[in-house]
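One structure is given below, encoded as structure tokens.
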Amino acid sequence: EDSTDPNPTYQFAEAGTYEVRLSVESDEGCGNFAQESITIYPEPPVPVFTVPKDSFCVGEPVVISNLKDDAAWDGIVEYVWTVTDLMDTATTAPELTFAQPGEKIIRVISKIPGCESIEVTDTIQVIESPAVDFTADPVCDGETTIFTNNSEVGTILWDFGDGNTSAELNPTHTFATPNTYSVSLAVTNDLECTATLVKEVAVNAIPQANFQYDLVCAGSESIFEDMSVVDQADISSWQWLVDGELVSEDQFPVIMFPTAGDYTVRLIAGSTKGCESFYEEVVTAGAAPDAGIGIELGCLGEATVFSDLTDPAEVLTRSWMIDGQPYNTASPAVIFDEPGDYEVELTVTNNQLCSSIVTETFTIHELAIPDFTILGQCNNEIIRLEDVSTSTTDPIASRRWFVDGTLIGQGASATITGYQSGTYTFTLEITTENGCVLTSDKTFEIAQTPVASFTASNDYGVPPFRLDFSNTSQMSSVNEWYVNDALITTNPSPSIVFNDLGSQHVKLITYNSTGCADTAEMFINAIEPVVDLVVSDVQLVDGGNNYDIVLDVKNSSNLPIEAMSVNIELQNQFSVTEQVYQRINSGQESIVKLGTSVPKSSNAPAYLCISISSAYEEPPANLINNEACITIQPKISFEPPYPNPATTETSLRYILPEGGEATIEVFDVGGNLEMLESYKDLPKGLNQFILNITNLDAGTYLVKFRYKGDVIVSKIIKL
């Protein structure tokens with residue numbers, strides 16, 4: 001049957017093979033055709049299948065038998081199975097396994113291209129199986145494996161995989177050799193469902209611990225080498241114990257034994273599977289020599305000597321390494337030409353072949369540079385020597401100073417005094433902390449110093465006043481006169497006017513051609529005069545036919561008195577005035593002997609009065625104390641000194657009205673006290689006193705005998 005439709009449909013009445021031809025023709029009358037054979041199959045067969053039984057256990061295989069003969073369809077029939085709780089599958093006869101209990105519907109259809117059969121179903125029951133689980137930790141060879149059953153209650157059967165079984169709930173089992181075993185546990189519940197679980201259980205090999213080592217010496221590091229092995233694993237941990245104390249967890253530890261002797265060394269080796277074993281051995285540590293280095297440090301450019309301080313009985317061999325150079329002598333001496341830090345190493349080996357290596361560092365110091373300065377150059381000065389030496393790394397410990405080879409001092413400085421002018425050699429010797437001795441010499445000329453001196457026409461005055469100064473200096477070439485530190489003139493012998501009140505400091509500094517100087521000075525008292533002469537005492541001194549008049553005069557003025565007027569009044573009958581020229585300094589008391597005398601006669605006046613005044617125009621400050629009176633008859637009887645004149649001694653005889661104390665004072669004619677003798681417990685009556693005048697200069701002296709307020713004055717002459 002033909003069709004002219006572009007895309008026709010056609011239903012074949014019977015199955016079979018048919019030729020189908022398509023012819024096409026264009027508008028121009030050209031044509032072509034295509035032809036194919038197609039097979040028309042009968043409708044797909046209705047599936048027929050069976051299951052072994054109506055109920056199964058969870059996890060139990062359900063084997064389906066497909067009973068349909070589909071050979072007539074040339075293998076194009078496809079079976080599609082739809083099962084409760086399972087995914088659809090396309091296979092001829094599936095094998096099913098259910099994880100959940102319950103009613104399960106099995107559906108199947110057959111399909112050929114474009115057609116499918118009707119659905120065929122069957123129903124089965126899946127019964128709950130027991131839950132099976134167990135644990136067993138890995139063990140090491142020889143240990144017992146403990147199995148823990150975590151399954152539901154039921155009939156139990158264990159298969160340990162080595163031909164041994166057990167029906168115990170939680171069995172233990174010791175495997176004969178290390179290996180990995182497939183252990184199964186089968187559990188059957190009361191519904192006759194059996195579940196089986198298989199797990200791999202490991203029995204791990206035990207390591208064979210072992211180690212080796214070389215020579216062991218006390219105080220030195222020794223390397224221990226792990227030699228442990230294990231089957232089917234690796235060695236992963238190491239514990240090294242010395243006499244029971246953990247010292248390292250390294251595979252190849254470095255162990256040092258502090259002292260010589262026997263030590264028990266144990267290695268505990270652990271595998272990656274957690275199994276351990278140990279190996280121990282008694283290790284003997286030999287005694288290392290007690291080595292030491294002695295260094296006799298030298299200075300730069302001198303020998304530094306090294307010595308081995310080790311007990312010679314301990315030395316088999318020795319070797320030195322000094323600044324990178326080897327030496328084999330017992331005490332090498334090395335000269336270092338450069339300063340810096342150096343290292344010396346000594347290796348000593350004893351008869352046990354144990355060695356000690358000691359290292360010392362030392363410093364060769366840069367040499368100190370001795371130097372000093374000289375302050376001063378004149379023989380009247382203190383010449384000071386100051387150390388200015390430099391030392392960078394070796395501090396200076398001590399210093400000594402020499403003049404022409406003679407030690408004059410120690411320390412950072414020295415002073416020179418009392419040397420005459422001339423040429424000298426000064427030497428500084430320094431010693432550093434490391435014992436280096438260095439010297440510096442300097443030749444020095446000590447210059448002669450001028451001698452400054454001068455005199456003044458007076459030492460006081462009332463401003464304004466002029467004084468003449470006479471320069472008596474020696475060896476001077478330049479003269480500088482200062483008043484109160486102000487330069488006044490360079491005239492050798494000037495005349496200077498003083499206008500200001502007060503103590504005026506006059507100083508002369510003289511210089512010679514070498515610059516040496518000397519100083520002379522004095523103070524000039526320039527004051528507004530305050531005059532006060534005090535008559536402290538009046539005495540009559542036996543002068544033969546007359547009494548000489550002797551005064552004690554104190555100058556309470558503020559300036560010296562060089563001339564005074566003395567008025568002598570005899571019993572208010574007549575008076576006489578005498579001019580006395582004798583210097584009495586301010587504040588000084590002096591004896592003044594008048595030229596006027598009083599005759600010894602029965603009609604001599606009963607008393608006399610003395611008053612004094614100065615030559616200054618200023619009125620006295622006190623008119624009361626410049627006058628004194630005295631009776632002419634003395635109270636104490638005495639004899640004139642004998643012998644008089646005398647050379648070595650003279651005798652004084654006094655008749656005392658009663659006992660008591662007395663003093664004898666001897667004054668020169670200038671009023672200066674030359675002798676003072678004190679006497680106690682003198683008896684009443686005649687007392688004789690011997691004065692030793694050996695040490696007195698030749699001249700005239702006044703002797704005052706003081707007794708209970710009375711003073712008797714006599715005169716002696718020393719030849």
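The values are calculated or read from the model by the stated rules, or taken from the named source; none is laboratory data. This structure is a prediction, so every number in the text was calculated from the model and none was measured. Cβ coordinates were reconstructed from backbone atoms using ideal geometry, including for glycine residues, and neighbour counts include every protein chain displayed.
Some points to look at:
- Of all the listed residues (231, 214, 243), the sole one being over 30 Å from residue 431 (Cα atoms), acidic (Asp, Glu) and without any contact (Cβ under 8 Å) to a residue 12 or more places away in the chain is 214.
- Residues satisfying the stated conditions in the stretch 470-483, i.e. over 28 Å from residue 383 (Cα atoms) and either modelled with pLDDT under 95 or among the aliphatic types (A, V, I, L, M) (or both): 483
- Residue check for residue 236: hydroxyl-bearing (Ser, Thr, Tyr), surrounded by fewer than 19 Cβ atoms within 10 Å (Cβ to Cβ), under 30 Å from residue 136 (Cα atoms) and under 60 Å from the mean Cα position of the chain (by Cα): yes
- Single condition residue 429 does not satisfy, out of (1) part of a strand (DSSP E or B); (2) surrounded by fewer than 15 Cβ atoms within 10 Å (Cβ to Cβ): (2)
- Filtering the stretch 321-346 to residues that are part of a strand (DSSP E or B), more than 34 Å from the chain's Cα centre (by Cα) and surrounded by 12 or more Cβ atoms within 10 Å (Cβ to Cβ) leaves 327, 333.
- Taking the listed residues 52, 8, the one that is within 30 Å of residue 127 (Cα to Cα) and not assigned by TED's automatic domain parsing to the domain that holds residue 191 is 52, with no other qualifying.
- If you filter the stretch 204-222 down to residues that are in a loop (DSSP other than H, G, I, E, B) and under 15 Å from residue 257 (Cβ atoms), you find that the one that is modelled with the highest pLDDT is 216.
This table checks each residue for (1) within 59 Å of the chain's Cα centre (by Cα); (2) outside the structural domain of residue 613 (by TED's automatic domain parsing); (3) not small (Gly, Ala, Ser).
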site	(1), (2), (3)
431	yes, yes, yes
438	yes, yes, yes
461	no, yes, no
475	no, yes, yes
485	yes, yes, yes
498	no, yes, yes
521	yes, yes, yes
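- Restricting the stretch 133-147 to residues that are under 14 Å from residue 170 (Cβ atoms) and of a type in the set (A, V, I, L, M), the residue that is surrounded by the most Cβ atoms within 10 Å (Cβ to Cβ): 136
- Subset of the stretch 249-280 [surrounded by 14 or more Cβ atoms within 10 Å (Cβ to Cβ) and of a type in the set (Asp, Glu)]: 276
- Of the residues making up the stretch 362-392, those that are within 38 Å of the chain's Cα centre (by Cα) and more than 18 Å from residue 299 (Cβ to Cβ) are 372, 373, 374, 375, 384, 385, 386, 387, 388.
- Test: residue in the stretch 188-196 that is at pLDDT below 95, touching a strand residue (DSSP E or B) at 6+ places or on another chain (Cβ under 7 Å) and of a type in the set (Gly, Ala, Ser): yes
- Single residue of the stretch 59-83 satisfying the filter (in a loop (DSSP other than H, G, I, E, B) and surrounded by fewer than 16 Cβ atoms within 10 Å (Cβ to Cβ)) that is farthest from the chain's Cα centre (by Cα): 69
- Residue in the stretch 181-209 that is nearest to residue 127 (Cα to Cα), counting only those that are surrounded by 14 or more Cβ atoms within 10 Å (Cβ to Cβ) and among the hydroxyl-bearing types (Ser, Thr, Tyr): 194
- At least 3 residues being touching a residue at least 40 places away in the same chain (Cβ under 8 Å) is the threshold, and among the strands (runs of 3 or more DSSP E) wholly inside the stretch 443-517 those reaching it are 502-511.
For every residue, the table says whether it meets (1) at pLDDT 95 or above; (2) closer than 23 Å to residue 289 by Cα.
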residue: 322; (1), (2): yes, yes
residue: 330; (1), (2): no, yes
residue: 338; (1), (2): no, no
residue: 344; (1), (2): yes, yes
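- Residue list for the stretch 494-528, restricted to those being β-branched (Val, Ile, Thr) and over 23 Å from residue 558 (Cα atoms): 509, 510, 514, 519
Per-residue answers, yes or no, for (1) at pLDDT below 90; (2) basic (Lys, Arg); (3) more than 23 Å from residue 461 (Cα to Cα):
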site	(1), (2), (3)
579	no, no, no
605	yes, no, yes
620	yes, no, no
636	yes, no, yes
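- Looking across the stretch 1-58 at every residue that is of a type in the set (D, E, K, R) and outside any loop (DSSP other than H, G, I, E, B), the one that is farthest from residue 75 (Cα to Cα) is identified as 25.
- Test: residue 151 is closer than 30 Å to residue 103 by Cα, crowded, with 19+ Cβ neighbours inside 10 Å and not assigned by TED's automatic domain parsing to the domain that holds residue 276: no
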